[in-house]
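Below is one structure, written out as structure tokens; comments come after it.
The values are calculated or read from the model by the stated rules, or taken from the named source; none is laboratory data. Remember, predicted model here, so these are calculated numbers, not experimental data. Glycine gets a Cβ as well: all are built from the backbone with ideal geometry, and neighbour counts include every protein chain shown.
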């Protein structure tokens, strides 16, 4: 029903407006008696074989919603009803910011892709932490953190530390986001020396808490093999817990969408189907070259159960969806979990 009726209607309107409308619709409808229970009966797949222990955490299933979908932790309770095993909020910044000028979100329907240049628009980490404190679910929540656009790179570390302290009691794991193409000098933030220093300091700060939280690094799909080797070194040197591969891409290769339309859209990170193969390549490279020295959360272009299995077989321990959730609908989560169960039985 989603792809036949609802998606064609929603896709008639501005993507960002639809995003906000959908959030309100889910929020309001969840207050109607029995709606949440009905959603759980349709979408949630429960089976002990789906459970995954990683970073000292037990995930109900390995399918999560990626950062960027629920930036401000507005739908934590409601999203669990769609069958997700974990939710990643953010990217959160110390101060609230409106992000880049609109329009900043664009569909590439022929490619099942999305280009965004949102620019870390969010309500600020303190407001997000306050919402998380009131959540009524025990689902695992990750906190994706970044720097404010106005913060100079020389002071970027202070922004990450502020976020880390503000969210530490409210999230189950952290993701250090230095790979988003829609913020300032990304190259500087991905510099090996900078990252070893930043991540090392967060690891030391983490030790001051009674309950330490896993720290992961989110990387870009556009890194070459030499840069991926540096990522492996960074994980080893800083002693963080894992990697999320990958963020959106700045490339526009092999698209079916009219090149003039793509050019008119301009800058931004591309997600969805066009990212599928490259993100899988990055996962496979990291897993093989490091000899699976650290866990990997795979994200990028997952639009089907087969896409998800491909990521897992490449070396991902968990997966996340976002653009696939928009194009394929909430049934995608159930389809992936059922396919994982089938794979488990046939292994």
Among 24, 102, 31, 60, the single one that is over 26 Å from residue 248 (Cβ atoms) and surrounded by fewer than 18 Cβ atoms within 10 Å (Cβ to Cβ) is 31
Is it true that residue 18 is without any contact (Cβ under 8 Å) to a residue 24 or more places away in the chain and crowded, with 17+ Cβ neighbours inside 10 Å? yes
One residue is enough: does segment 105-115 have a residue meeting the conditions in a strand (DSSP E or B), modelled with pLDDT of 95 or more and within 19 Å of residue 167 (Cβ to Cβ)? no
Would you be able to say whether some residue in segment 300-314 is buried (at least 24 other Cβ atoms within 10 Å of the Cβ), modelled with pLDDT of 95 or more and assigned to a strand (DSSP E or B)? no
Subset of segment 107-131, residues without any contact (Cβ under 8 Å) to a residue 60 or more places away in the chain and either farther than 14 Å from residue 71 by Cα or surrounded by 19 or more Cβ atoms within 10 Å (Cβ to Cβ) (or both), comes to 121, 122, 125, 128, 129
Within segment 66-92, can you find the residues that are in contact with a strand residue (DSSP E or B) (Cβ under 7 Å, 6 or more places away or on another chain) and either outside any loop (DSSP other than H, G, I, E, B) or under 13 Å from residue 138 (Cα atoms) (or both)? 76, 79, 84, 85, 86, 87, 88, 89, 90, 91, 92
State which residue is nearest to residue 172 (Cα to Cα) when the search covers only segment 224-242 and only residues that are touching a helix residue (DSSP H, G or I) at 6+ places or on another chain (Cβ under 7 Å) and outside any helix (DSSP H, G or I). 240
Candidate set from segment 123-153 (those that are in a strand (DSSP E or B) and in contact with a helix residue (DSSP H, G or I) (Cβ under 7 Å, 6 or more places away or on another chain)); member that is farthest from residue 175 (Cα to Cα): 141
Go through segment 211-237 and give me each residue that's closer than 19 Å to residue 165 by Cα, without any contact (Cβ under 8 Å) to a residue 60 or more places away in the chain and crowded, with 21+ Cβ neighbours inside 10 Å. 213, 215, 217
Exactly one of (1) part of a helix (DSSP H, G or I); (2) within 19 Å of the chain's Cα centre (by Cα); (3) under 28 Å from residue 5 (Cα atoms) is unmet by residue 338. Its number? (2)
Which residue, of 63, 44, is under 23 Å from the mean Cα position of the chain (by Cα), farther than 29 Å from residue 146 by Cβ and touching a residue at least 40 places away in the same chain (Cβ under 8 Å)? 44
Report yes if some residue within segment 182-193 is crowded, with 17+ Cβ neighbours inside 10 Å, under 17 Å from the mean Cα position of the chain (by Cα), modelled with pLDDT of 95 or more and not in a helix (DSSP H, G or I); otherwise report no. no
